[in-house]
Amino acid sequence: MTTAPTRPGSIGTPVARIEGPLKVTGAARYAVEYPMENVAYAWVVQSPVARGVLTAIDTPDDDDVLATLWHGNAPKLRRSDDPELQVLQSSRISYRGQVVALVVAETLEAARRGAQSVRLSITEEEHDAELTADHPGLYTPEKLNTGDPADTSQGDVEAALAAAAASVDVTYSTTALHPNPMEPHATTAFWVGDDLVLYDSNQGPSAIAKQVARVFGLDVGQVHVVTEHVGGGFGSKGSTRPNTILAAMAAQVVDIPVRLALPRQALFSMVGHRTPTIQRVRLGATADGVLTAIAHDVVEQTSTLYEYAEQPAVVTRHMYAAPNRRTSHRLTRLDMPTPRWMRAPGEAPGMLALECAIDELAATLEIDPIELRVRNEPDVEPEDGTPFSSRQYLECLRLGAERFGWGGRDPRPRQRREGNWWIGTGVAGAAYPSMVLPSTASATMDATGAVTVDVAAVDIGTGARTILHQVAADALGVALERVTVRIGDSALPKASIAGGSSGAASWGWAVDGACRALREQLSRLTGPVPAEGLTATFDATPQVKARENAGKHAFGAHFAEVRVDADTGEVRVSRLFGAYAVGRVLNPRTARSQFIGAMTMGMGMALHEESVLDPSTGDWVNHDLAEYHVPVHADVEWIDAAWIDEDDPAVNPLGVKGIGEIGIVGSPAAIVNAIHHATGVRVRDLPVRLDKLL
Ligand code: MOS
C-alpha cells in the first residue's frame with residue numbers, strides 16, 4: 001500500500017531490530033545458554049553405516065558418565081507421524097548418521113569422550129544412497145508436500161514440441177544442500193513432575209510442543225517450549241528434530257536438566273537437507289518467441305522412513321502461458337536421511353531449471369531474455385484460469401532492468417573481456433506463493449496505557465519481532481514505545497511456524513485483529529482502563545481457512561553480473577540485484593535484509609554449496625563448514641534489492657505477501673545465465689564449479 005507512514009515506528013518505517021542490542025551485547029539467551037544449576041550434557045553416537053541392524057553396544061566406563069542410552073534401555077516413545085523422531089526405539093539403522101546411542105555426562109567433555117568410546121556391534125546390509133534419473137525405485141507420490149498433485153497435464157506437449165519452430169530439451173541437476181544456521185539445533189530439557197520444559201531452537205514453539213507431546217504421550221499443555229531467540233533455521237527447524245526428543249528423554253532418565261547442542265557435523269545427517277534433483281525441461285515456441293509447450297519433469301529423493309515429496313515443478317504451473325503443458329514429480333526411497341525443508345523448498349531448485357531453460361530458448365531464438373518473458377506473460381493462472389490477486393512480474397523485470405542497467409546489452413555470449421576476466425550478465429524471474437497459516441494473538445492494555453501483545457510466533461533472525469511491534473502499534477494507533485510483543489513461547493496464544501514466508505501474514509493477521517478488537521473495547525470504555533487491564537483475543541483461523549489460496553503469489557526478478565577468470569574459471573559475482581513485488585513492505589530495513597540474505601544464499605546454491613555424496617558410505621564427505629562453503633562477505637561484492645509498492649488486500653488484511661524465501665528463488669538462475677553470457681559455457685549441473693568452465 002502506498003499510504004505514507006503516519007508516525008515514527010509505523011508500518012513502512014525502517015525500525016531497527018527491537019532485540020538488536022540484546023544480540024550484539026550477548027545478553028540474548030539461546031537454547032543452551034540459560035544459566036542453570038546441576039545440568040548434564042549429552043552427546044550423540046551416530047551410525048557409521050547406512051543400513052543395518054545394531055546388535056549390541058559397549059558402554060563407556062567413566063565416572064562422569066551418567067547414562068548411555070540406546071534402544072536396549074531407552075524409554076519407550078509413542079508413534080508419531082515422523083518416524084525419524086522414534087529415536088533409540090529400534091535396532092534398525094535406516095541411514096548413516098542416525099543416532100544409535102546418547103551419552104549423558106556431568107560435563108560436555110565427558111559426554112563427548114564417552115560417545116567416542118562407545119563400541120557398536122552392527123550387522124551391515126547393502127545400501128542404496130544414490131539418486132539417478134532412471135533409478136529403478138522411482139514412483140509417483142500421491143501428493144506433494146504442498147498438497148498439490150504430483151503431475152499435471154494439458155494439451156499435447158509431444159505434438160506441440162514436434163511442431164515448434166524452436167525448442168529446448170535440457171536437463172538441470174542440483175546436488176543435496178544443507179541448511180547451516182549459525183546456532184545449531186539445540187535443546188535444554190527438564191521435567192517438572194510429569195510436565196516437560198524445553199528451551200529449544202526451532203521455528204515454531206506451538207508446533208514443537210504438539211509434536212513432542214505426541215511422542216511422549218502427553219497433553220500439549222504439559223509441554224512448555226521456550227524459543228526466545230533463534231540463530232537461524234532456514235526450514236530445518238520447522239519441525240521437531242531428534243535433538244529435542246533426545247534431550248527430553250535423557251532428562252527423564254537422569255532426572256536433572258540436560259543440554260544437547262548438535263555438533264556441526266551431526267547437522268548434516270540429523271536435521272534434513274535439500275533434496276538433490278534431476279530436472280528435464282522442454283520448451284517449444286514459435287519463431288517470434290511465443291511458447292507453445294512447457295514440460296518440467298522432476299526426479300528427486302526421499303528416505304525409507306518418511307515420504308518427503310518436494311515440489312520443484314509446481315512453480316512452472318504459475319509462470320508462463322502455453323497451451324500444451326505438463327509437470328511431473330518422481331521420488332525414490334534411498335537409505336539416506338529424509339530430505340526436509342530448506343529455504344524455498346521446491347521453488348528454489350525448480351525455478352533454477354525453468355529460468356535457465358527460458359534463457360537457453362532466448363539464446364536459440366536470438367530474443368532478449370526479458371522480452372521473451374514479456375511475450376509469455378499470462379493473464380490468469382496458466383493451468384486453471386484463476387485470476388491473480390496481483391501479479392507485477394513484468395514490472396519487476398522492468399524495474400530491475402532499469403536499476404541494474406540491462407539496456408544495450410550485447411546478447412551474444414563471450415564478447416566482453418576486461419583483462420583476464422570474461423564478463424557477463426544474466427536475468428531470471430521469481431515467484432513464491434503468498435501463504436497464511438492459522439494463528440491467535442491477545443492484546444492487553446494496563447492502567448498505565450502500556451500494551452502487551454502475546455503470540456507464540458518466533459523470530460529466527462528475520463525481524464519478525466520488530467514488525468509485529470509495528471503492526472500492533474498501528475492497529476492500536478499508539479506509539480511503538482508503548483507496545484511490548486511477547487513471542488517465542490508455547491504458553492502464549494497458539495501460532496503457526498516461521499515457514500513458507502508466512503510469518504508476517506499469519507501472525508500479523510492475528511496481532512492486527514487482537515489490537516483492533518482491543519481498540520474497539522477501549523473506544524466503548526467510559527472511564528479509565530480498569531486496574532486489571534483490558535484484554536482482547538483474536539483467532540484468525542476461520543478467516544485464514546476461508547481464504548482462497550489460488551492465484552496469490554509474490555513475484556520478483558533477479559539480475560547478476562559475473563566475471564570469470566579466463567585461465568582458472570574462478571567466478572566472481574560482481575553485482576546481484578533483486579526487484580520484487582511482494583505486497584506491502586512492513587519494514588524496509590528488515591525486508592531488505594531478508595531479500596539480500598536470500599539472494600546471497602542463492603549465490604551459494606549457484607556457485608559454492610555442494611554436499612558431495614560418497615555412495616559407498618551413504619554420507620556426504622564434506623559435512624562441515626570448512627568444506628561446505630556458505631557464502632561469506634568476501635563472496636559478495638555488490639548486492640541490492642528494490643521493490644514496487646503493491647496494494648493487494650486480497651492476500652490478507654495487512655496486504656503482505658511474504659519475503660523470506662523469494663530472494664533465493666531466482667538468484668541462482670540469474671548467476672548461471674550470467675556465467676553462460678560471460679563464457680559461452682552452459683553448466684547444467686549445479687553448483688557451477690570452476691572445473692566445469694574449463
Ligand atoms: Mo522455510 S524452508 O518454509 O522454513
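The values are calculated or read from the model by the stated rules, or taken from the named source; none is laboratory data. Computed from a predicted structure; not experimentally measured. Because the Cβ atoms are built from the backbone with ideal geometry, glycine has one as well, and the counts that use them run over all protein chains shown.
Annotations for the structure displayed:
- For the criterion of being out of contact with any Asp or Glu (no Cβ under 6 Å at 6 or more places or on another chain), closer than 30 Å to L267 by Cβ and either in a loop (DSSP other than H, G, I, E, B) or within 16 Å of the ligand (Cβ to nearest atom) (or both), P136 fails.
- Qualifying positions in the stretch 477-491 - closer than 15 Å to V15 by Cα and hydroxyl-bearing (S, T, Y): T484
- A single entry from G508, G503 fulfils the requirement of being among the small types (G, A, S) and away from the ligand (no atom under 16 Å from the Cβ): G508.
- Qualifying residue in the stretch 474-491 (condition: touching a residue at least 24 places away in the same chain (Cβ under 8 Å), touching a Gly at 6+ places or on another chain (Cβ under 8 Å) and within 16 Å of the ligand (Cβ to nearest atom)): no
- T227 being within 15 Å of W341 (Cα to Cα) and under 21 Å from the mean Cα position of the chain (by Cα): no
- Checked across the stretch 614-637, the condition of being free of Cβ contacts under 8 Å to residues at least 60 places away in the same chain, touching a helix residue (DSSP H, G or I) at 6+ places or on another chain (Cβ under 7 Å), more than 21 Å from A430 (Cβ to Cβ) and part of a loop (DSSP other than H, G, I, E, B) holds for at least one residue.
- Criterion applied to I664, I644, I675, I659 was being surrounded by 21 or more Cβ atoms within 10 Å (Cβ to Cβ), away from the ligand (no atom under 16 Å from the Cβ) and modelled with pLDDT of 95 or more, and the one residue passing it is I675.
- Tally, over the stretch 166-177, of residues that are surrounded by fewer than 24 Cβ atoms within 10 Å (Cβ to Cβ) and either more than 21 Å from A669 (Cβ to Cβ) or within 16 Å of the ligand (Cβ to nearest atom) (or both): 1
- Any hit, the stretch 417-440, residues being assigned to a loop (DSSP other than H, G, I, E, B) and either closer than 19 Å to V672 by Cα or among the charged types (D, E, K, R) (or both): no
So that you can scan it fast, the table gives a plain yes or no per residue for (1) without any contact (Cβ under 8 Å) to a residue 24 or more places away in the chain; (2) over 20 Å from V100 (Cβ atoms); (3) in contact with a Pro (Cβ under 7 Å, 6 or more places away or on another chain):
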position: D219; (1), (2), (3): yes, yes, no
position: Q222; (1), (2), (3): no, yes, no
position: G231; (1), (2), (3): no, yes, yes
position: T240; (1), (2), (3): no, no, no
position: A247; (1), (2), (3): no, no, no
position: Q252; (1), (2), (3): no, no, yes
position: I256; (1), (2), (3): no, yes, no
position: L260; (1), (2), (3): no, no, no
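- Among (1) of a type in the set (D, E, K, R); (2) in a loop (DSSP other than H, G, I, E, B); (3) over 19 Å from G350 (Cβ atoms), the one test that D640 misses: (2)
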